[in-house]
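Structure first, commentary second.
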Protein chains: 2
Amino acid sequence: MARIVMKFGGTSVANLERIRAVAAFVRREVDAGHSVAVVVSAMAGETNRLVELCKEAGEPAPALDARNVEYDAIVASGEQVTSGLLALVMQNLGYRARSWHGWQIPLKTDNAHGKARIAEIDETAIGEAMDNGEIAIVAGFQGIAPDGRISTLGRGGSDTSAVALAAAVSAARCDIYTDVDGVYTTDPRLTKHARRISKISYEEMLEMASLGAKVLQTRSVEMAMAFKVPVRVLSSFDPPDAPGPGTLICDEDDIVEQNIVSTVTPDFDEATVTILAVPDEPGRAASIFNALAEANINIDMIVQSASRETGFANISFTTKEGDIERAVDLLKSEQPKIGFKALQSDKNVAKVSVIGLGMKSHAGVAATMFRTLAEKGINIQNISTSEIKISVLINADAAEYAVRVLHEAYGLDAPNHAAQN
Amino acid sequence: MARIVMKFGGTSVANLERIRAVAAFVRREVDAGHSVAVVVSAMAGETNRLVELCKEAGEPAPALDARNVEYDAIVASGEQVTSGLLALVMQNLGYRARSWHGWQIPLKTDNAHGKARIAEIDETAIGEAMDNGEIAIVAGFQGIAPDGRISTLGRGGSDTSAVALAAAVSAARCDIYTDVDGVYTTDPRLTKHARRISKISYEEMLEMASLGAKVLQTRSVEMAMAFKVPVRVLSSFDPPDAPGPGTLICDEDDIVEQNIVSTVTPDFDEATVTILAVPDEPGRAASIFNALAEANINIDMIVQSASRETGFANISFTTKEGDIERAVDLLKSEQPKIGFKALQSDKNVAKVSVIGLGMKSHAGVAATMFRTLAEKGINIQNISTSEIKISVLINADAAEYAVRVLHEAYGLDAPNHAAQN
């Protein structure tokens, strides 16, 4: 009799009809003889409603730390309601079930209210309850901080709650039910050749999450990797008596036949800034990126190239579309100090990345990418790489086409791809 | 620097505009140098929304005790949200404030989920915070049960939370802000001569609460009386910089000049059942009232009178209008066992009560009541009395008129009445 953790997000518990569907998935695992904990998010829309109330109450904003403690106390109530409702529904189906709030477990976090990190989960009471056949319905996204107050883990934190709980109770598996039926080789809206992946490694999933793929939160993948928790992504919109196999996120050693490239991942939320003719002296680049960091603007791909004028360089970087105006305004105000000549910005760019553990051992992955794009006349503006990822920045209008040709070039379209996983 | 507890109900915190008005009342007390705790209810409508969700989730109903634990966990979230929002608003006004959930104080209750009774309040941490100038914003209506789960005190429980907290922190006063500006000599909608009472005793207030006057919950008055907490009823719709004096509910010793009759209180939620020709034998009445008690039907005024037939009696009692159909159906089904001849019921009745501590020492209060009603041709169907209350059951159509003539007969209309309190 294995311990299993299941997690259902906001759209999966949007109303009582959906909560009853969730109950059907849960009873299936319980009837199979498992000891089950279920982590739930707030009902879709509820967190936004509560955040909106906090914003209204918090105007004009006071010191952020004092705010966040109350913000947490308010917003955590959403998960509290869902966990109680699912417990009631399970009880009505004849099962023993109870809700667990973060402080009741306790799931201890640090004091970073609003974006707390999990410090420790006491699995004694909840593990014992599970093994006694009582379904543990856990309010996700929340814990208790050292100050004795409720803390929250930040948006999407319920994934992290679920994986951390799975690690704490040594669960055989953490099943994340969501509104897609697994992880795909690329966004299925871009090509009909996209395929669900049966197994993918933590490392690849982490790269995907970092690139903004919405399936799982980065921190939950990091935690799964650290504690070797097998995580399965499944759809809560499948029939509960015959859910699809989903995608298993696991250790690379558990994936017998590893693809060279597993996914082609587009990211349209990109914008680029080019600073022209910066004096080519030590400290100039540092002053630019210090200023941006202090303003809390995340930057990504950076390229420095020689300017036409001797003694000057051009510097390009990318950032999120939402940050581009702030970045441009900031740099203009710093122009006298930095001493550049001109500034260009462009929102019409996209980042396309290929991710694959196989890159570690296979040469030529980058060459295939550059050759394929060149053959199709797609110009690369910028490149960045990690051990298992190559990203290129291209014109946004060409991004969908680039995804399709790369998907084909790496053999992800091929019918034998499905068989090999 | 006195400790003060303030309490605001659902309509007083219905939205952020109202919560900001509440904040103005709170800052007034803090600026006056008091150590303040504020007990809040859920925003108007929120508790009903949560109860509705519980009902939907709880169909068909399982064992009540298991249900109530989750019901409490769900419904208590309403007060959690309000307390956090008021804390945010106070912080924005430049005050130090924090929310306290029941389990954080802790406010300990018994295990009777859904209608728990307060067992103990640890005032150490919250009292210290108050004295350090931090406004304690307490989620009303909730506590923590011996099982470690959230409990609720039943509808209107926030009044009880406030009075109990005031007792625990030895507050100089518990101010209950509501949507009326005090306790009146009678319902102001019935006569323009109704007057706000400056001071009223716990005993009188308890009789009024038991009669269904909506100002305060019975249990909160009982607790105030037991712990000698001075309770003031005020309006949260008054201007915060100049609130009315309200009504002080206090020990009778603190009321210098006691009225013989303080209030005339009507109760329209009454119905009467008359059982005709019950065999006049020991045990017959008991079997009737046992059956009603087992069905959880509360009965009030009981009269047994001789029937025209020798060896038989007629038995009348009153109950709430909402229970009358159940009572009649139940008695009909028990007719063979009880052995009565016929059954009559009437919803068109009302109870009018006069309440006054002075009755203890003054004769003739009942005589005045009966004479006044007789002079106006109002027929009395039933009478019940306590040490400080006389109630009569009359035709509902005559009730408003009866209230007006009694209000005048006991001198409550008189202009010198206001001065004497």
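The values are calculated or read from the model by the stated rules, or taken from the named source; none is laboratory data. Computed from a predicted model, the values in this text were never measured in an experiment. Here the Cβ is made from the backbone with ideal geometry for all residues, glycine too, and neighbour counts use every protein chain on show. Just so you know, the surface numbers come from the protein's heavy atoms only, side chains and all, with ligands and any DNA or RNA stripped out. Shrake-Rupley method; radii C 1.70, N 1.55, O 1.52, S 1.80 Å.
The DSSP beta bridges internal to the protein assembly as shown are antiparallel in roughly 60% of cases. The interface between chain A and chain B buries about 3200 Å² of solvent-accessible area in total (1.4 Å probe, ligands and nucleic acids excluded).
Charge dipole (Cα centre; +1 on Lys/Arg Cβ, -1 on Asp/Glu Cβ; no other charges) of region A:282-421 amounts to roughly 320 debye.
Inter-chain Cβ neighbour count for B:95-106, averaged per residue, equals 3 (cutoff 10 Å, partner chain atoms only). Nearest 10 degrees, 0 to 90: what angle lies between the long axis of helix B:77-92 and the longest principal axis of chain B (Cα atoms)? Taking Cα atoms only, the helix is inclined about 40 degrees.
In a DSSP loop and with at most 15 other Cβ atoms within 10 Å, the trypsin sites (Lys or Arg not before Pro) in region A:301-339 are A:R308. The mean count of C-beta atoms from other chains within 10 Å of the C-beta of residues in B:76-82, rounded to a whole number, is 5. Computed from the C-beta positions of A:K332 and A:D110, the FRET efficiency with R₀ = 60 Å rounds to 0.95.
Assign one of three labels to chain B, namely rounded, prolate or oblate, based on the Cα gyration tensor with a ≥ b ≥ c the square roots of its eigenvalues; rounded applies when a/c is under 1.5, prolate when it is not and a/b is larger than b/c, and oblate otherwise. Here chain B falls in the oblate category.
For peptide B:45-55, the mean count of partner chain Cβ atoms within 10 Å of a residue's Cβ comes to 2. Shown in residue order for region A:348-356 are the 3J(HN,Hα) couplings computed by the Karplus curve 6.51 cos²θ - 1.76 cosθ + 1.60 at θ = phi - 60°: 8, 10, 9, 10, 10, 10, 10, 10, x Hz (x for Gly and Pro). Accessible area per residue for the protein assembly as shown is 41 Å², calculated with a 1.4 Å probe on protein heavy atoms, without ligands, DNA or RNA. What residues have an amide H closer than 5 Å to that of B:T263, excluding those fewer than 5 places away on the same chain, when H is modeled at 1.01 Å from N in the peptide plane? Distant-sequence amide H within range of B:T263: B:I355. Taking other residues whose beta carbon is less than 10 angstrom from the beta carbon of B:E321, and scoring Lys, Arg as +1 and Asp, Glu as -1, yields -2. Test of understanding: in a Gaussian network model of chain B with alpha carbons linked when under 10 Å, which of B:I137, B:I19, B:I275 would top the mean-square fluctuation ranking? Maximum among the listed residues: B:I275. Rounded to the nearest 10 degrees, the inclination of helix A:399-409 to the longest alpha-carbon principal axis of chain A is 80 degrees.
Out of B:S99, B:N132, B:G156, whose Cα points farthest toward the positive end of the dipole of region B:44-156 (charges: +1 Lys, Arg; -1 Asp, Glu; placed on Cβ)? Final value for the positive-end residue is B:G156. If you take the Cα centroid of region B:3-29 and the Cα centroid of region B:346-379, the two points sit 39 Å apart.
Once the Cα atoms are used to define both axes, helix A:157-168 deviates from the longest principal axis of chain A by about 60 degrees.
State which entries of B:K7/B:K389; B:K214/B:K320; A:K214/A:K360; B:K115/B:K320 exceed 27 angstrom in Cα-Cα distance in the structure shown. Numbers along the way, then the final one.
Values: B:K7/B:K389 29 Å; B:K214/B:K320 15 Å; A:K214/A:K360 25 Å; B:K115/B:K320 21 Å.
Long pairs (Cα-Cα over 27 Å): B:K7/B:K389.
First check a/c for region B:1-160, with a ≥ b ≥ c the square roots of the eigenvalues of its C-alpha gyration tensor; if it is under 1.5, answer rounded, and if not, answer prolate when a/b is larger than b/c or oblate otherwise.
Values: a/c = 2.79, a/b = 1.59, b/c = 1.76.
Taking the square roots of the gyration eigenvalues as a ≥ b ≥ c, region B:1-160 is oblate.
Under a 5 Å amide H cut-off, with hydrogens placed 1.01 Å from N, A:S235 pairs with A:T178, A:G244 among residues at least 5 apart or on other chains. A DSSP coil position with no more than 13 other Cβ atoms inside 10 Å describes the following GluC sites (Glu not before Pro) in region B:239-321: B:E257, B:E309. In chain A, the beta carbon lying closest to the axis that superposes A onto B belongs to the residue given here with its whole-angstrom distance, A:S77, 2.
Computed in the context of the full set of protein chains, the accessible area of the protein assembly as shown at 1.4 Å probe radius has 49% of its extent on carbon or sulfur.
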